Amino acid sequence: MTARPRPRPTSEIETIPLLGVIAGLALAALPLAPRLAAWVLPLFLACAGARLWMNRPGARLPSLPVKIFLFALGIGGVGLTYGSMLGIDPGLSTLLVLVSLKLIEANGERDFHVLALLGYFLALCDLFFYQDLLASIYVAAIVGLITATLVRFHRGAGPRSYWRATIFALTLLAQTLPIVILLFLIFPRAYGGFRFHFSQSLLGVAGMSERLSPGSVSSLALSDEIVFRAEFPDGNMPPLSTMYWRGGVLWRGDGLRWEARSDLNLERRPGQLTGPAVLQRISVLPHGARWMFALDRPSSDVPRASYQPGGYLQSRRTITTKFRYDVVSRPTNRETALPPDQRVAASQPPREISPRVRALVDGWKKEAAEPREIADSALQFFRRERFSYTLSPGSYPDDNALDHFLFDRREGFCEHYAAAFASLMRIAGIPARVIIGYHGGEYNALGKYVIVRQADAHAWCEVWIKDSGWQRVDPTEMIAPERIASGLASYLESRATQFDPDAPERSLTATGWRQLQRELQRDLRLVWDGINYQWDSRVLNFDEDTQRNFLLSLGLGAESWAELLIWVIVAIAPFLAGLALWLRHAKSIARDEIARAYERFCRTLERAGLRREPWEGPQHFGARAAAHFAPQADPIREITARYIELRYGRGASDAAAFAQAVRHLPKLGGYERNMK
Amino acid sequence: MAARSSPSRIWILPNRRTPGLVAVLVGMWYAGASQGNAAAYLLCFLILAVTLVSTIHAWANLRGLTLRAGNIPAVFAGEELAVPVDIESVGGKTHFGLEVRARSGKSTATKATLDSPASQRIELRLPALRRGLFSELPVRLSSAFPLGFITARRNLVLRQSFYVYPAPTGGLPLPRALAPTRQPNSGTRVTGDDYGGVRSWQTGESQRHIDWKAAARDQPLLTKQWTGEAEEILHFDWASLAPLEPEARLSQLTRWVILAERGSAAYGMRLAGKTFPPARGHAHYHACLRALAEFSDPAVADVV
């Protein structure tokens with residue numbers, strides 16, 4: 001006797017729900033594409049297509065050896081692509097390979113639910129890579145689609161079943177909203193202590209680095225990615241052009257290259273700061289580093305942040321999720337004593353000083369003795385000589401870049417000017433340092449906050465003036481004053497029109513129309529950003545601290561998490577009970593008018609003593625009723641005929657006429673009475 | 001005949017897909033907590049809340065339903081009972097993904113969706129394990145609608161009497177009649193030597209005796225009848241099988257009745273306290289089998 005191989009199973013999942021769940025998975029997988037090995041998404045789509053192809057009549061699912069082969073191929077492929085299975089990208093690729101394999105072998109009810117759950121899980125993964133409102137809406141849509149598909153699966157086929165299932169799923173989701181809000185507000189949040197934490201940001205944001213080299217800021221200049229948003233809760237907002245958002249201080253300088261150093265003694269608090277206090281509420285988007293920003297110069301303590309030498313804030317932890325903090329800044333520095341280690345660090349001249357540079361600085365020193373005057377001479381030099389401010393300054397050689405920049409090329413972006421100026425000051429013997437951060441931003445009048453983007457990245461200098469402390473000097477202001485006054489975007493725009501040879505020939509209306517279009521676009525963008533910001537600050541920033549404050553305001557602050565869980569249940573129970581009560585009395589949505597009218601007809605007859613048997617069709621019942629209630633036989637026959645026509649015929653009869661016929665059914669006389 | 005099932009409690013229970021959902025929820029919670037990602041929390045709470053709300057809908061999906069069993073054809077023990085079940089919506093609502101199973105033993109059931117105000121008939125198939133006359137059938141009505149991660153379940157009792165005849169086993173040969181009888185035949189039978197006219201066919205009668213020529217002429221189905229003399233009369237006696245176990249005796253009697261009905265002889269049966277005079281035909285055949293199904297040995301009280 002030879003053992004026959006077991007026949008491969010045929011598909012047991014209906015095509016339409018299968019299509020729905022595949023669409024949900026694909027939508028959830030698509031945004032992950034940049035983090036996946038290039039071949040993973042095509043593999044997924046191929047598996048999806050193959051699985052749909054297997055749903056044709058008579059087709060069979062893949063056999064076990066094929067599945068094992070595909071599994072080995074997929075896992076091996078990930079291993080080969082990344083050289084390791086550990087880490088976020090290989091992990092995601094593996095996940096998607098497994099989803100693809102599950103998809104191709106999925107059969108039956110249980111597998112269908114596994115696919116739906118995988119869809120939910122992939123949607124969760126999206127939320128780690130995209131964190132704005134649009135991403136949240138996108139994920140909500142995926143959840144809606146998968147839920148509707150699950151309902152459709154259990155509903156079975158039928159006329160417009162998917163559509164009805166979608167309506168049902170949306171109703172279901174709407175009914176959950178109160179519970180979701182309650183859970184979000186009360187469900188006890190965890191306080192840290194997790195071993196596993198993404199060590200880097202998943203968001204792939206290019207941002208500031210701890211080094212300043214030619215090109216490091218200008219590379220960001222065209223990115224409109226948002227770095228942070230700042231509100232001024234007191235309403236005390238300085239003008240945009242004076243907003244210098246301090247991000248970091250670079251102490252180690254060599255010509256045009258500057259970098260941070262961490263060997264300086266920590267400052268406990270910034271020194272004497274005076275001037276009006278400006279309170280800011282800053283929401284930083286995750287950038288994967290420890291940068292924190294505040295207006296020049298932060299003067300208050302910020303939780304989970306430390307002060308760094310040079311008076312800037314640094315987060316104690318890598319910022320991988322949205323983070324909001326309040327900080328008070330004061331604009332004027334009145335420090336008088338410079339710590340010795342900082343003085344040494346800020347006086348280190350460049351290693352290489354060319355004779356031309358040495359002669360230039362010596363010239364300034366001969367003319368003036370005061371550091372302030374020397375600084376002025378340097379600024380005058382930048383203004384007088386034909387320096388140009390450009391986004392594409394080209395590259396400078398590593399050797400003697402300062403000399404090349406100052407005397408030959410004379411083209412640069414703000415980082416060139418800040419670096420060159422600070423180097424010149426150090427050569428002149430004046431302590432100087434480079435500050436990196438952002439300048440200005442875009443004011444959203446709708447939400448009353450400032451949006452700061454990567455394009456606002458900036459670098460400027462501080463020089464130590466005896467008796468007045470560190471003073472800000474921004475050489476860019478000398479070269480391109482409009483850049484400081486109105487921001488980079490409009491600066492570039494005005495220069496573009498200036499050099500546009502066609503500009504005068506354009507008709508006035510065309511420019512006017514363009515202008516209008518641009519303004520409209522800008523307004524719409526600001527409205528969208530406003531909504532986005534509200535979502536961010538109200539919802540996504542609701543973390544364990546905000547929750548604690550909220551619970552305190554409810555008088556639940558002292559409860560343990562177990563007690564809180566009981567509160568959650570207590571709060572949710574009435575919603576579920578109310579829903580149950582409502583469903584108990586609610587009429588079905590799917591019940592149509594015709595069915596209702598016919599049901600009324602049956603009830604009337606039943607009250608008169610004639611019951612429709614469960615097995616009885618309308619025709620048989622109608623005939624029986626007509627015989628039973630002989631005087632009303634005609635209306636009964638009419639109602640039955642209309643009902644059959646509406647239900648099973650071509651619908652030639654009128655639904656309203658049918659309902660009316662039912663309403664006007666005469667009082668039914670009993671058979672016995674007629675016999676008298 | 002068909003009686004309504006009594007209203008009963010609806011249970012919301014986890015099923016084999018629930019652990020998967022719980023795993024995904026825990027994963028979402030962990031992701032939200034460890035990364036401080038509020039959006040992940042929100043998604044976790046959304047799925048959790050949808051599951052909670054779906055339990056209420058699952059409960060409502062099983063409310064307002066009445067189940068009745070139709071006539072259940074008798075079968076022999078060991079065969080499969082086919083139970084027609086009419087599901088009817090009382091409130092006129094729509095019900096989805098309904099599944100009916102017998103509470104004991106493995107049974108299969110087709111899924112049913114009930115659109116108002118119709119009732120739907122499904123067939124429940126379950127193995128008939130024991131012989132007897134049963135007056136009710138405990139069933140379980142369940143549905144995983146709307147999402148499938150939890151199941152709503154309701155235990156019901158279908159009130160409908162049905163017979164399960166004893167399993168026809170036993171290898172003893174048919175007992176021969178002690179003396180061939182030469183009595184004149186008392187009437188017409190379906191088997192015999194001489195053609196004796198036709199009568200209308202009744203459900204359950206052998207198709208071999210249908211007058212197919214008449215049927216081809218568009219007449220109603222007729223059974224051909226025959227007159228003649230029986231060659232022998234068989235007597236089946238409970239007492240004659242004394243060495244066997246009571247159930248084995250019943251099975252042997254059942255087998256004999258079947259064999260005799262297939263043959264041409266008239267047969268009679270004597271059970272403790274009950275006697276069936278020799279006869280043939282549908283009614284006689286089933287009367288014997290019913291008696292065998294219901295039989296309880298007065299000598300052995302605990303035999304069921």
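None of the figures in this text is laboratory data; all of them are computed from the coordinates on show. All of these numbers come straight from a predicted model, not from anything done at the bench. Glycine gets a Cβ as well: all are built from the backbone with ideal geometry, and neighbour counts include every protein chain shown.
For this structure, a couple of remarks:
- Segment A:Leu30-A:Trp561, length gained on full extension (0.36 nm per residue, minus Cα span): 187.4 nm
- 3J(HN,Hα) couplings calculated from phi for the stretch B:148-162 with the Karplus curve 6.51 cos²θ - 1.76 cosθ + 1.60 (θ = phi - 60°) are, in sequence order, x, 8, 9, 10, 9, 9, 9, 9, 10, 10, 8, 8, 6, 8, 8 Hz; Gly and Pro show x.
- Label point distance in nm, A:Ser241-A:Leu86, each placed 7 Å from Cα along Cα→Cβ: 5.5
- Karplus-derived HN-Hα couplings along the stretch B:62-77 (A = 6.51, B = -1.76, C = 1.60, θ = phi - 60°), whole Hz, x at Gly and Pro: 9, 6, x, 10, 10, 10, 10, 9, x, 5, 9, x, 5, 10, 8, 4
- Largest-first ellipsoid semi-axes for the stretch B:46-138, taking √(5λ) over the Cα gyration tensor eigenvalues, angstrom: 30, 16, 10
- Label-to-label distance, nm, for residues given as A:Glu606 and A:Arg518 (7 Å Cα→Cβ offset): 7.4
- For the protein assembly as shown, adding -39500 (n - 2.57) for each run of n ≥ 4 DSSP H residues and dividing by the number of residues yields -13500 deg cm²/dmol at 222 nm.
- Length released on extending from A:Thr10 to A:Arg317, taking residue separation times 0.36 nm less the Cα-Cα span: 105.2 nm
- In the stretch A:281-338, one over the average inverse separation of all distinct C-alpha pairs is 12.1 Å, which is the Kirkwood hydrodynamic radius.
- Measuring spread by the Cα atoms of the stretch A:233-344 yields a radius of gyration and Dmax of 14.5, 42 Å.
- Placed amide H near B:Gln160: partners under 5 Å, 5+ positions off or other chain: B:Glu136, B:Leu137
- In nm, spacing of pseudo-spin labels at B:Glu232 and A:Leu134 (7 Å Cα→C-beta vector): 9.5
- Annotation: Cα Rg of the stretch A:315-359 relative to the compact-globule expectation 2.2 N^0.38 Å equals 2.04.
- Cα-Cα over 26 Å, subset of A:Lys322/A:Lys448; A:Lys365/A:Lys466; A:Lys67/B:Lys111: A:Lys67/B:Lys111
- FRET efficiency estimate (nearest 0.05) - Cβ-Cβ, A:Ile644 to A:Gln534, R0 56 angstrom: 0.45
- Segment A:Ala571-A:Asn549, extension gain: residue separation times 0.36 nm, minus the distance between their alpha carbons: 6.0 nm
- For residues of A:110-121, the mean tally of beta carbons on other chains within 10 Å: 5
- Near A:Gly156, no amide H atom lies under 5 Å from its own; only residues 5 or more places off or on other chains count, and H is placed 1.01 Å from N.
- Peptide B:51-62 has a mean of 6 when you count, residue by residue, the C-beta atoms of other protein chains within 10 Å of its C-beta.
- Peptide A:171-181 has a mean of 5 when you count, residue by residue, the C-beta atoms of other protein chains within 10 Å of its C-beta.
- FRET efficiency estimate (nearest 0.05) - Cβ-Cβ, A:Thr336 to A:Arg358, R0 30 angstrom: 0.45
- Rg over Rh, two decimals, the stretch A:322-461 (C-alpha only, Kirkwood Rh): 1.03
- Projected-area mean, the protein assembly as shown, by convex hull of Cα positions, square nanometres: 65.4
- With R₀ set to 45 Å, the beta-carbon distance separating A:Ala368 from A:Tyr443 gives a calculated FRET efficiency near 0.70.
- Residues whose amide H falls under 5 Å from that of A:Asp234, counting only those 5 or more places apart or on a different chain, are A:Leu279, with hydrogens built in the peptide plane.
- Here the convex hull built on the C-alpha positions of the stretch A:1-136 has a volume of 116 cubic angstrom per residue.
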